[in-house]
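The values are calculated or read from the model by the stated rules, or taken from the named source; none is laboratory data. Keep in mind the model is a prediction, meaning the values are calculated, not measured. Here the Cβ is made from the backbone with ideal geometry for all residues, glycine too, and neighbour counts use every protein chain on show. To get the accessible areas, we keep the full protein, side chains included, count just its heavy atoms, and leave off ligands, DNA and RNA. Shrake-Rupley method; radii C 1.70, N 1.55, O 1.52, S 1.80 Å.
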Amino acid sequence: MKRLEERIDAEGRVLGEDILKVDSFLNHQVDPELMQAMGDEFAHYFADMGITKVLTVESSGIAPALMASLSLGVPMVFARKHKSLTLTDNLYTATVYSFTKQTENTISISKSFLSADDKVLIIDDFLANGQAVNGLLDICEAAGAAVGGVGVVIEKRFQRGHQFIVDRHIPLLALASIASFDNGHVVFSHEKEQ
Ligand code: 5GP
(Lines give C-alpha, C1' and ligand atoms only; values in the text may rest on other atoms or scores of the structure.)
Protein backbone atom coordinates (compact mmCIF):
# COMPACT_ATOMS: atom_id res chain seq x y z
CA MET A 1 0.00 0.00 0.00
CA LYS A 2 1.76 3.04 -1.33
CA ARG A 3 0.33 5.51 1.14
CA LEU A 4 1.50 3.37 4.05
CA GLU A 5 4.99 2.96 2.60
CA GLU A 6 5.24 6.73 2.25
CA ARG A 7 4.32 7.21 5.90
CA ILE A 8 6.87 4.59 6.97
CA ASP A 9 9.53 6.35 4.86
CA ALA A 10 8.68 9.76 6.27
CA GLU A 11 8.03 8.92 9.92
CA GLY A 12 9.41 5.47 10.71
CA ARG A 13 12.56 5.07 12.76
CA VAL A 14 14.69 1.96 12.71
CA LEU A 15 15.82 0.91 16.18
CA GLY A 16 18.74 -1.48 16.41
CA GLU A 17 18.80 -4.44 14.04
CA ASP A 18 15.18 -5.29 13.64
CA ILE A 19 12.64 -2.90 15.19
CA LEU A 20 10.69 -0.26 13.31
CA LYS A 21 9.15 2.48 15.38
CA VAL A 22 5.97 3.99 13.92
CA ASP A 23 4.57 5.72 16.96
CA SER A 24 3.24 8.73 15.06
CA PHE A 25 0.49 6.89 13.16
CA LEU A 26 0.15 3.29 14.42
CA ASN A 27 1.61 2.39 17.81
CA HIS A 28 0.93 5.45 19.96
CA GLN A 29 -0.70 8.31 18.07
CA VAL A 30 -3.17 6.77 15.60
CA ASP A 31 -4.14 8.20 12.20
CA PRO A 32 -7.82 7.30 11.81
CA GLU A 33 -8.01 8.01 8.08
CA LEU A 34 -5.05 5.78 7.37
CA MET A 35 -6.56 3.10 9.65
CA GLN A 36 -9.82 3.31 7.73
CA ALA A 37 -8.06 2.99 4.37
CA MET A 38 -6.13 -0.02 5.69
CA GLY A 39 -9.31 -1.58 7.11
CA ASP A 40 -10.90 -1.24 3.67
CA GLU A 41 -7.88 -2.94 2.03
CA PHE A 42 -8.14 -5.89 4.40
CA ALA A 43 -11.90 -6.13 3.95
CA HIS A 44 -11.63 -5.99 0.17
CA TYR A 45 -8.93 -8.68 0.05
CA PHE A 46 -10.79 -11.09 2.36
CA ALA A 47 -14.30 -10.17 1.16
CA ASP A 48 -15.13 -13.61 -0.28
CA MET A 49 -13.87 -15.69 2.63
CA GLY A 50 -17.08 -15.71 4.68
CA ILE A 51 -15.40 -14.02 7.63
CA THR A 52 -17.63 -13.80 10.72
CA LYS A 53 -15.18 -12.27 13.20
CA VAL A 54 -11.97 -10.26 13.26
CA LEU A 55 -9.48 -11.27 15.97
CA THR A 56 -6.46 -9.36 17.25
CA VAL A 57 -4.32 -8.87 20.36
CA GLU A 58 -4.40 -5.73 22.50
CA SER A 59 -3.30 -3.04 22.16
CA SER A 60 -1.74 -2.06 18.82
CA GLY A 61 -3.77 -4.52 16.76
CA ILE A 62 -7.06 -2.98 17.85
CA ALA A 63 -7.11 0.08 15.56
CA PRO A 64 -6.55 -1.73 12.24
CA ALA A 65 -8.67 -4.71 13.36
CA LEU A 66 -11.58 -2.46 14.28
CA MET A 67 -11.49 -0.73 10.90
CA ALA A 68 -11.34 -4.07 9.06
CA SER A 69 -14.28 -5.36 11.09
CA LEU A 70 -16.28 -2.20 10.40
CA SER A 71 -15.64 -2.57 6.69
CA LEU A 72 -16.51 -6.30 6.72
CA GLY A 73 -19.59 -5.70 8.88
CA VAL A 74 -18.59 -8.25 11.55
CA PRO A 75 -17.57 -7.95 15.23
CA MET A 76 -13.96 -7.51 16.34
CA VAL A 77 -12.60 -9.35 19.40
CA PHE A 78 -9.24 -8.55 20.95
CA ALA A 79 -7.33 -11.03 23.06
CA ARG A 80 -6.32 -9.62 26.43
CA LYS A 81 -2.77 -9.89 27.67
CA HIS A 82 -1.90 -11.02 31.18
CA LYS A 83 1.39 -11.75 32.83
CA SER A 84 -0.01 -14.90 34.37
CA LEU A 85 -3.46 -16.29 34.61
CA THR A 86 -5.04 -18.48 37.28
CA LEU A 87 -8.75 -18.34 36.53
CA THR A 88 -9.04 -19.74 33.01
CA ASP A 89 -12.43 -21.47 33.26
CA ASN A 90 -14.33 -19.49 30.74
CA LEU A 91 -11.35 -18.50 28.62
CA TYR A 92 -9.37 -19.78 25.67
CA THR A 93 -5.71 -19.05 26.43
CA ALA A 94 -2.34 -19.22 24.69
CA THR A 95 1.20 -18.25 25.61
CA VAL A 96 2.89 -15.60 23.48
CA TYR A 97 6.48 -14.43 23.64
CA SER A 98 6.59 -10.69 23.00
CA PHE A 99 9.15 -9.74 20.40
CA THR A 100 9.52 -6.12 21.45
CA LYS A 101 9.22 -6.53 25.23
CA GLN A 102 11.01 -9.89 25.45
CA THR A 103 8.54 -11.19 28.00
CA GLU A 104 6.03 -14.00 27.96
CA ASN A 105 2.34 -13.16 28.13
CA THR A 106 -0.75 -15.26 28.38
CA ILE A 107 -3.38 -14.04 25.96
CA SER A 108 -7.02 -14.91 26.44
CA ILE A 109 -10.38 -14.66 24.77
CA SER A 110 -13.68 -15.36 26.47
CA LYS A 111 -15.40 -18.54 25.29
CA SER A 112 -18.52 -16.40 24.83
CA PHE A 113 -17.01 -14.60 21.85
CA LEU A 114 -15.52 -17.37 19.71
CA SER A 115 -17.06 -20.66 18.59
CA ALA A 116 -16.92 -23.43 16.01
CA ASP A 117 -19.40 -21.42 13.92
CA ASP A 118 -16.84 -18.68 13.35
CA LYS A 119 -14.51 -18.03 10.44
CA VAL A 120 -11.83 -15.71 11.64
CA LEU A 121 -9.67 -13.00 10.10
CA ILE A 122 -6.60 -12.42 12.28
CA ILE A 123 -5.24 -8.86 12.15
CA ASP A 124 -2.14 -7.45 13.79
CA ASP A 125 0.06 -4.37 13.51
CA PHE A 126 3.38 -6.16 12.89
CA LEU A 127 4.39 -9.63 11.78
CA ALA A 128 7.87 -10.48 13.04
CA ASN A 129 8.43 -14.09 14.19
CA GLY A 130 4.75 -14.99 14.15
CA GLN A 131 4.32 -15.56 17.89
CA ALA A 132 1.26 -13.36 18.29
CA VAL A 133 -0.44 -14.89 15.23
CA ASN A 134 0.47 -18.37 16.43
CA GLY A 135 -1.16 -17.67 19.81
CA LEU A 136 -4.35 -16.58 18.06
CA LEU A 137 -4.24 -19.67 15.80
CA ASP A 138 -3.98 -21.85 18.93
CA ILE A 139 -7.01 -20.12 20.39
CA CYS A 140 -8.99 -20.58 17.16
CA GLU A 141 -8.09 -24.27 17.14
CA ALA A 142 -9.21 -24.67 20.75
CA ALA A 143 -12.52 -23.01 19.88
CA GLY A 144 -12.94 -25.09 16.72
CA ALA A 145 -13.11 -21.85 14.71
CA ALA A 146 -11.87 -21.79 11.11
CA VAL A 147 -9.21 -19.28 10.06
CA GLY A 148 -9.89 -17.49 6.79
CA GLY A 149 -6.74 -15.40 6.70
CA VAL A 150 -4.16 -13.22 8.37
CA GLY A 151 -3.75 -9.51 7.67
CA VAL A 152 -0.90 -7.44 9.04
CA VAL A 153 -0.14 -3.78 8.62
CA ILE A 154 3.63 -4.29 8.39
CA GLU A 155 5.56 -7.52 7.93
CA LYS A 156 9.31 -7.88 8.25
CA ARG A 157 10.13 -10.54 5.69
CA PHE A 158 13.57 -11.15 7.12
CA GLN A 159 11.99 -12.69 10.21
CA ARG A 160 10.23 -16.03 10.48
CA GLY A 161 6.54 -15.06 10.71
CA HIS A 162 5.82 -14.71 6.99
CA GLN A 163 7.07 -18.21 6.16
CA PHE A 164 5.37 -19.65 9.23
CA ILE A 165 1.97 -18.52 7.91
CA VAL A 166 2.65 -19.45 4.28
CA ASP A 167 3.73 -22.95 5.37
CA ARG A 168 0.32 -23.38 6.99
CA HIS A 169 -1.41 -22.42 3.72
CA ILE A 170 -3.21 -19.52 5.38
CA PRO A 171 -3.93 -16.57 3.07
CA LEU A 172 -1.76 -13.63 4.15
CA LEU A 173 -2.00 -9.94 3.28
CA ALA A 174 0.69 -7.53 4.46
CA LEU A 175 -0.05 -3.90 3.58
CA ALA A 176 3.67 -3.07 3.74
CA SER A 177 6.36 -5.67 3.37
CA ILE A 178 9.87 -4.90 4.56
CA ALA A 179 12.71 -6.83 2.97
CA SER A 180 15.48 -5.41 5.17
CA PHE A 181 16.82 -2.45 7.06
CA ASP A 182 19.83 -0.87 5.44
CA ASN A 183 21.78 1.63 7.54
CA GLY A 184 18.64 2.82 9.28
CA HIS A 185 16.63 2.91 6.04
CA VAL A 186 13.67 0.72 5.21
CA VAL A 187 13.91 -1.43 2.07
CA PHE A 188 10.48 -2.59 0.92
CA SER A 189 9.78 -5.91 -0.74
CA HIS A 190 7.30 -5.86 -3.62
CA GLU A 191 7.37 -9.60 -4.24
CA LYS A 192 3.81 -10.81 -4.86
CA GLU A 193 4.76 -14.38 -4.06
CA GLN A 194 3.61 -15.45 -0.56
P1 5GP B 1 5.68 -11.61 16.43
O2 5GP B 1 4.69 -12.14 17.40
O3 5GP B 1 5.26 -11.79 15.00
O4 5GP B 1 7.07 -12.09 16.68
O5 5GP B 1 5.76 -10.05 16.69
C6 5GP B 1 4.62 -9.28 16.45
C7 5GP B 1 4.26 -8.42 17.62
O8 5GP B 1 5.42 -7.79 18.17
C9 5GP B 1 3.35 -7.32 17.14
O10 5GP B 1 2.09 -7.50 17.75
C11 5GP B 1 4.00 -6.04 17.57
O12 5GP B 1 3.31 -5.51 18.68
C13 5GP B 1 5.40 -6.39 18.01
N14 5GP B 1 6.44 -6.04 17.01
C15 5GP B 1 7.22 -6.90 16.31
N16 5GP B 1 8.10 -6.25 15.56
C17 5GP B 1 7.87 -4.93 15.76
C18 5GP B 1 8.48 -3.74 15.23
O19 5GP B 1 9.43 -3.76 14.43
N20 5GP B 1 7.96 -2.56 15.66
C21 5GP B 1 6.91 -2.49 16.53
N22 5GP B 1 6.47 -1.27 16.88
N23 5GP B 1 6.33 -3.60 17.05
C24 5GP B 1 6.80 -4.80 16.66
If I take R0 = 25 Å and measure r between the Cβ atoms of E11 and D167 in this structure, what FRET efficiency does the formula 1/(1 + (r/R0)^6) give, to the nearest 0.05? 0.15
Can you tell me the orientation of helix 131-143 relative to the chain, as the angle in degrees between its alpha-carbon axis and the longest Cα principal axis, to the nearest 10? 20 degrees
On average, how much area does the Cα convex hull of the range 13-61 cover when viewed from any direction, in nm²? 4.6 nm²
Holding the Cα-Cα limit at 21 Å, pick out from K119/K156; K21/K53; K111/K156; K2/K101; K21/K101; K2/K156 the pairs that are longer than that. K119/K156; K21/K53; K111/K156; K2/K101
Residues meeting the amide H criterion for V77 (H placed from the backbone, H to H distance under 5 Å, 5 or more places apart or on another chain) are V54, L55, T56
Please figure out what share of the DSSP beta bridges in the chain is antiparallel and state it in percent, rounded to the nearest 5. 45 percent
Rounded to the nearest 500 deg cm²/dmol, what is the calculated helix-only ellipticity per residue at 222 nm for the chain, with -39500 (n - 2.57) per DSSP H run of length n ≥ 4? -8500 deg cm²/dmol
Helix 62-72 axis, angle to the chain major axis (alpha carbon atoms, nearest 10°): 70 degrees
Apportionment of accessible area to carbon and sulfur, the range 133-183, percent (1.4 Å): 44 percent
Working from Cα positions, state the angle (0 to 90°, nearest 10) between the long axis of helix 2-11 and the longest principal axis of the chain. 70 degrees
Highest mean first, what order results for 14-22, 69-77, 170-178, 51-59 on Cβ atoms within 10 Å? 51-59, 170-178, 69-77, 14-22
Over the range 35-180, what relative contact order in percent results from Cα pairs under 8 Å that are six or more residues apart? 22 percent
Amide H within-cut-off set for D118, under 5 Å, with H built and near neighbours excluded: A146
Cα centroid distance between the range 7-33 and the range 117-194, in Å? 18 Å
Mean accessible surface per residue for the chain, computed with a 1.4 Å probe while every protein chain stays in place, in Å²: 51 Å²
Hey, any idea what % of the range 1-89's accessible area is carbon plus sulfur with a 1.4 Å probe? 49 percent
I'd like the projected area of the chain, averaged over all directions, using the convex hull of its alpha carbons. Report it in nm² with one decimal. 10.2 nm²
